[in-house]
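Take a look at the structure set out below.
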Amino acid sequence: MSQRLPEFIEPYRLADNQRILKGQLSISNMKRLASLLADNAGNVDIELAFAVDETGQANAKGKVHTQVRMQCQRCMKTMEVPVDSKVSLAFVATEEQVQNLPSHYEPFLVEEETSLSELVEDEIILALPAVPLHEPEQCLVQEQHRGYVKDMTAESEAEGNKSRPNPFAVLEKLRKKD
């Protein structure tokens, strides 16, 4: 069941009460994420279950799903990028706690209250590709490149075996002088 999500959460209290947050957040409210995207339209579907594990560690597990539009770095056209991220966060207050975390948790440094939007925004940013690219068969530049390579191959075959001057011939002459 989807619910209205709070702007700020108290992660430790939610974990103590074993709360589940499920709903949508607007991408337009995520300024750092929006700066990486072609536009800030759309929503993020979230489902987070807060709990305290057997070691007493407050945590949140769940998933984050959205579809964002980014610019392909090969052809510079807009492309759809799906984001499906599994979340396994441990709430910590100090660096020492970070060092003692089990490896299946990602640390999330919090104070008493934190922004739910920022927590989700961090997860999405980490899940985005470092260099967004279309699939090769979908990218316009790739098709242009294939055409260019075909043209270049045809030209070189047409030239046949014409001998070209060796660009390193000058170095060979210098080596022989010594």
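For the reader, a short list of remarks on this structure follows.
- Convex hull volume per residue for the range 27-110, taking Cα atoms only, in Å³: 124 Å³
- Restricting the range 25-109 to trypsin sites (Lys or Arg not before Pro) that sit in a DSSP loop and have at most 13 other Cβ atoms within 10 Å of their own Cβ leaves LYS77.
- Put simply, the convex hull of the Cα atoms in the range 1-149 casts, on average, a shadow of 10.7 nm².
- The chain: most fluctuating residue of PRO82, PRO129, PRO165 per GNM, C-alpha cutoff 10 Å: PRO165
- Among the GluC sites (Glu not before Pro) in the range 20-113, those located in a DSSP loop and surrounded by at most 14 other Cβ atoms within 10 Å of their own Cβ are GLU54, GLU111, GLU112, GLU113.
- Take every pair of alpha-carbon atoms less than 8 Å apart whose residues are at least six positions apart; their mean separation over the length of the chain yields a relative contact order of 19 percent.
- Choice from ALA58, ALA130, ALA90 with maximal GNM fluctuation in the chain (Cα, 10 Å cutoff): ALA130
- Projecting the Cα atoms of GLN57, LEU119, ALA93 onto the charge dipole of the chain, computed from C-beta unit charges around the Cα centre, puts LEU119 farthest toward the positive end.
- In a reduced charge model with +1 at each Lys and Arg Cβ and -1 at each Asp and Glu Cβ, the range 12-102 shows a dipole moment near 440 debye about its Cα centre.
- Total charge dipole magnitude, the chain, about the Cα centre, Cβ charges on Lys, Arg, Asp, Glu only, Debye to nearest 20: 1140 debye
- The mean sequence separation of alpha-carbon pairs under 8 Å and at least six residues apart, normalised by the residue count of the range 60-108, gives a relative contact order of 35 percent.
- Accessible surface for the chain, divided over its residues, is 69 Å² per residue with a 1.4 Å probe.
- The range 100-114 and the range 31-68: distance between their alpha carbon centers, rounded to Å: 14 Å
- Taking 7 Å steps out from each Cα toward its Cβ at GLN24 and SER103 produces label points 3.9 nm apart.
- Taking Lys and Arg as +1 and Asp and Glu as -1, the other residues whose beta-carbon sits under 15 Å from that of TYR12 total -4.
- Relative contact order [Cα under 8 Å, 6+ residues apart], the range 1-100, whole percent: 23 percent
- Of LEU140, LEU116, LEU89, the one that fluctuates the most in a GNM where the chain has Cα springs shorter than 10 Å: LEU140
- Ordering GLY23, THR78, ASN40 by the projection of their Cα atoms onto the charge dipole of the chain, which places +1 on the Cβ of Lys and Arg and -1 on the Cβ of Asp and Glu, puts THR78 at the extreme positive end.
The values are calculated or read from the model by the stated rules, or taken from the named source; none is laboratory data. Values in this document were obtained by computation on a predicted structure and should not be read as measured data. Every residue, glycine among them, receives a Cβ derived from its backbone with ideal geometry; neighbour counts consider all protein chains shown. Please note that ligands, DNA and RNA were not included when accessible areas were found on the heavy atoms of the full protein model with its side chains. Shrake-Rupley method; radii C 1.70, N 1.55, O 1.52, S 1.80 Å.
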